[in-house]
Amino acid sequence: WETITLEDVFLRRKSEASPARMLRDIGKIRFMLGRYAAVLCKEKIDIAAHDTHVAKVDGLLQTKDERLASVCRSMRLHLLKCVERQRGISYLRGLLAEKPLSETQWVQNWRY
């Protein structure tokens with residue numbers, strides 16, 4: 001996958017922005033977050049796969065631009081909801097408290 005950030009999708013120059021391109025990018029983002037959720041839902045999380053996925057989705061799950069804070073929150077909620085749907089809320093709570101997810105930069109920024 002290519003690395004996509006929220007800034008790439010939502011803060012494009014007007015000359016590069018189009019509804020069709022934004023919808024295509026949102027589809028890619030949902031796919032990427034769904035695949036990351038699938039990695040997190042495995043009985044034993046493959047650390048190499050986890051780290052590879054984190055490198056690709058990190059720019060979607062955290063931002064320093066306040067204009068994108070609500071979009072970033074929506075991305076996080078989508079990921080967490082995907083995990084919850086597959087494994088349940090108890091699993092998700094445990095996952096957020098344990099490695100490797102608890103050590104990701106986006107979870108640490110989100111919590112504090």
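The values are calculated or read from the model by the stated rules, or taken from the named source; none is laboratory data. No experiment lies behind these values; they were computed from the predicted model shown. A quick note on method: Cβ atoms are made from the backbone with ideal geometry, for glycine too, and the neighbour counts reach across all protein chains shown. Quick note on the areas: whole protein, heavy atoms, side chains included, nothing else; ligands and nucleic acids left out. Shrake-Rupley method; radii C 1.70, N 1.55, O 1.52, S 1.80 Å.
A few notes on this one:
- Probing with 1.4 Å while keeping every protein chain in the model, the per residue accessible area of the chain equals 63 Å².
- Each label was represented as a point 7 Å from its Cα along the Cα-to-Cβ direction; for Asn109 and Lys56 these points are 2.0 nm apart.
- Using all pairs of distinct alpha-carbon atoms, the Kirkwood hydrodynamic radius of segment 1-96 works out to 14.2 angstrom.
- Accessible surface of the chain, 1.4 Å probe, proportion on carbon and sulfur as whole %: 52 percent
- The gain in end-to-end length when the Arg12 to Glu66 segment is fully stretched comes to 17.9 nm, 0.36 nm per residue minus the alpha carbon separation.
- Each Lys and Arg adds +1 at its Cβ and each Asp and Glu adds -1 at its Cβ; summed about the Cα centre, the chain shows a dipole of about 380 debye.
- Computed extension gain for Ile89 through Glu43, at 0.36 nm per residue and net of the alpha carbon distance, reaches 15.0 nm.
- Under the simplified labelling scheme, the Ile26-Arg73 pair shows an inter-label distance of 1.8 nm, with each label point 7 Å from Cα along Cα→Cβ.
- Counted as membrane-span-like here are DSSP H helices of the chain whose alpha-carbon atoms extend 18 Å or more along the helix's own axis and whose Kyte-Doolittle mean is -0.5 or above; these are 19-40, 47-61, 69-87.
- For the chain, the relative contact order works out to 31 percent when only alpha carbon pairs closer than 8 Å and six or more residues apart are counted.
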